[in-house]
Amino acid sequence: NAGVMQNPRHLVRRRGQEARLRCSPMKGHSHVYWYRQLPEEGLKFMVYLQKENIIDESGMPKERFSAEFPKEGPSILRIQQVVRGDSAAYFCASSPDRDSPLHFGNGTRLTVT
Amino acid sequence: DAKTTQPPSMDCAEGRAANLPCNHSTISGNEYVYWYRQIHSQGPQYIIHGLKNNETNEMASLIITEDRKSSTLILPHATLRDTAVYYCIVRWSSGSRLTFGEGTQLTVNP
């Protein structure tokens, strides 16, 4: 049973470009969570989605960031007009329901030059 | 979610048991205690969770005090690969997200 798959593992973008981070949850998991870890800092919750619905986006920056989890296909975290401060590791986690443990992928490391 | 308090760092000799403490004095009746760890540059790894009773799985044991205000994660025979940051997290029973604190940096020494 494959774990949570994130791609790309590393992503380099110039300031002002768009970054798209993809997350394929574990088989049978319909709940997806995105976290961000800035260099030398802790993991911060960003958004929680359940197939086609955003359940909790209290950790998402108000501008430039969006997330979706369509009926078919992976969850996408989209960052428009990236800035150097967006450089971080972005982790996705999935679970089969609200109460089960979250299982994390190995992240996408975004570098903005 | 209830706040947790963990020591910032601990050392353990290889082959010995590692006992990682966590205080969660404001925990409520519906909140579970979860433990995760993060090995450098990897995603957090789920270890174990519990509500009231002690729990054991292939990775670790979780001991929760009777008043539920503190818990201890036990790695029975620590190896060098157990060196990681260990996070104790309290999560509402029907909740969704996990709120990560600073964790404990466990270093297993040869």
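We did not get these values from a lab; they are worked out from the coordinates using the rules stated. As the structure is a prediction and not an experimental result, all values here were calculated from the model. Heads up, the Cβs are rebuilt from the backbone with ideal geometry, glycines too, and the neighbour counts pull from every protein chain shown.
Report, by residue number, each residue of region A:18-43 that is surrounded by 14 or more Cβ atoms within 10 Å (Cβ to Cβ) and within 12 Å of chain B (Cβ to nearest Cβ).
A:23, A:26, A:31, A:32, A:33, A:34, A:35, A:36, A:37, A:42, A:43
Take the conditions touching a helix residue (DSSP H, G or I) at 6+ places or on another chain (Cβ under 6 Å), at negative phi and either surrounded by 13 or more Cβ atoms within 10 Å (Cβ to Cβ) or without any contact (Cβ under 8 Å) to a residue 40 or more places away in the chain (or both) and apply them to residue B:33. Does it pass? So that I can check it myself, show each step before the final result.
Numbers: touching a helix residue (DSSP H, G or I) at 6+ places or on another chain (Cβ under 6 Å): no; at negative phi: yes; either surrounded by 13 or more Cβ atoms within 10 Å (Cβ to Cβ) or without any contact (Cβ under 8 Å) to a residue 40 or more places away in the chain (or both): yes.
The answer is no for residue B:33.
Restricting the search to region B:58-80, which residues are without any contact (Cβ under 8 Å) to a residue 12 or more places away in the chain and closer than 16 Å to residue B:45 by Cα?
Step one: list which residues in region B:58-80 are without any contact (Cβ under 8 Å) to a residue 12 or more places away in the chain, which gives B:58, B:63, B:65-67.
B:58, the sole residue that qualifies.
To keep it simple, each residue is scored yes or no on (1) touching an Asp or Glu at 6+ places or on another chain (Cβ under 8 Å); (2) of a type outside the set (S, T, N, Q); (3) farther than 25 Å from residue A:57 by Cα.
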position	(1), (2), (3)
B:3	no, yes, no
B:39	no, yes, yes
B:66	no, yes, yes
B:84	no, yes, yes
B:105	no, no, yes
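In region B:44-52, is there at least one residue being within 30 Å of residue A:38 (Cβ to Cβ) and outside any strand (DSSP E or B)?
Quick first cut of region B:44-52, residues within 30 Å of residue A:38 (Cβ to Cβ) only: B:44-49.
Filter once more, so that each one left must be outside any strand (DSSP E or B): B:44.
Yes.
Is it the case that region B:58-77 has a residue that's more than 27 Å from residue A:98 (Cα to Cα), part of a loop (DSSP other than H, G, I, E, B), touching a strand residue (DSSP E or B) at 6+ places or on another chain (Cβ under 8 Å) and away from chain A (no Cβ under 14 Å)? First the steps, then the outcome.
Step one: list which residues in region B:58-77 are more than 27 Å from residue A:98 (Cα to Cα), which gives B:75-77.
Narrowing further to those that are part of a loop (DSSP other than H, G, I, E, B): B:76-77.
With touching a strand residue (DSSP E or B) at 6+ places or on another chain (Cβ under 8 Å) added as a condition, the list becomes B:76.
Next cut, away from chain A (no Cβ under 14 Å) only: B:76.
Scanning region B:58-77, I find at least one residue that is more than 27 Å from residue A:98 (Cα to Cα), part of a loop (DSSP other than H, G, I, E, B), touching a strand residue (DSSP E or B) at 6+ places or on another chain (Cβ under 8 Å) and away from chain A (no Cβ under 14 Å), so the answer is yes.
Kindly indicate whether any position in region A:87-97 is more than 19 Å from residue B:37 (Cα to Cα), outside any strand (DSSP E or B), within 14 Å of chain B (Cβ to nearest Cβ) and touching a His at 6+ places or on another chain (Cβ under 6 Å).
yes
Contact list please: Cβ distance under 6 Å, first residue in region A:84-95 and touching a residue at least 60 places away in the same chain (Cβ under 8 Å) and within 19 Å of residue A:66 (Cβ to Cβ), second residue among the polar types (S, T, N, Q) and not in a strand (DSSP E or B), pairs at least six apart or on different chains.
Pairs that qualify, where the first residue is touching a residue at least 60 places away in the same chain (Cβ under 8 Å) and within 19 Å of residue A:66 (Cβ to Cβ) and the partner is among the polar types (S, T, N, Q) and not in a strand (DSSP E or B): there are none.
Here is a yes/no grid of residues against (1) under 30 Å from residue A:60 (Cβ atoms); (2) buried (at least 19 other Cβ atoms within 10 Å of the Cβ); (3) in contact with a Lys or Arg (Cβ under 8 Å, 6 or more places away or on another chain):
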{"position": "B:18", "(1), (2), (3)": "no, yes, no"}
{"position": "B:47", "(1), (2), (3)": "yes, yes, yes"}
{"position": "B:59", "(1), (2), (3)": "no, no, no"}
{"position": "B:73", "(1), (2), (3)": "no, yes, no"}
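Can you tell me which of A:61, A:70, A:25 is more than 28 Å from residue A:113 (Cβ to Cβ) and either of a type in the set (Gly, Ala, Ser) or out of contact with any Asp or Glu (no Cβ under 8 Å at 6 or more places or on another chain) (or both)?
On the way: A:61 fails: more than 28 Å from residue A:113 (Cβ to Cβ); A:70 fails: either of a type in the set (Gly, Ala, Ser) or out of contact with any Asp or Glu (no Cβ under 8 Å at 6 or more places or on another chain) (or both).
After ruling out the rest, the residue left standing is A:25.
Would a scan of region B:79-88 turn up a residue that is surrounded by 17 or more Cβ atoms within 10 Å (Cβ to Cβ), over 26 Å from residue A:95 (Cα atoms), more than 14 Å from every other protein chain (Cβ to nearest Cβ) and not hydroxyl-bearing (Ser, Thr, Tyr)? Before the answer, list the steps.
Filtering region B:79-88 for residues surrounded by 17 or more Cβ atoms within 10 Å (Cβ to Cβ) gives B:82-88.
This time we only want the ones that are over 26 Å from residue A:95 (Cα atoms), so: none.
Among the residues of region B:79-88, not one is surrounded by 17 or more Cβ atoms within 10 Å (Cβ to Cβ), over 26 Å from residue A:95 (Cα atoms), more than 14 Å from every other protein chain (Cβ to nearest Cβ) and not hydroxyl-bearing (Ser, Thr, Tyr), which makes the answer no.
Of the residues B:79, B:72, B:83, which is more than 13 Å from the chain's Cα centre (by Cα), among the polar types (S, T, N, Q) and closer than 20 Å to residue B:8 by Cβ? Before you say what the answer is, go through the steps one by one.
Numbers: B:79 fails: closer than 20 Å to residue B:8 by Cβ; B:72 fails: more than 13 Å from the chain's Cα centre (by Cα).
Result of the check over B:79, B:72, B:83: B:83.
For region A:47-67, how many residues meet the condition of being within 14 Å of the chain's Cα centre (by Cα), away from chain B (no Cβ under 11 Å) and either in contact (Cβ under 8 Å) with a residue 60 or more places away in the chain or not in a loop (DSSP other than H, G, I, E, B) (or both)?
Total meeting the criteria: 4.
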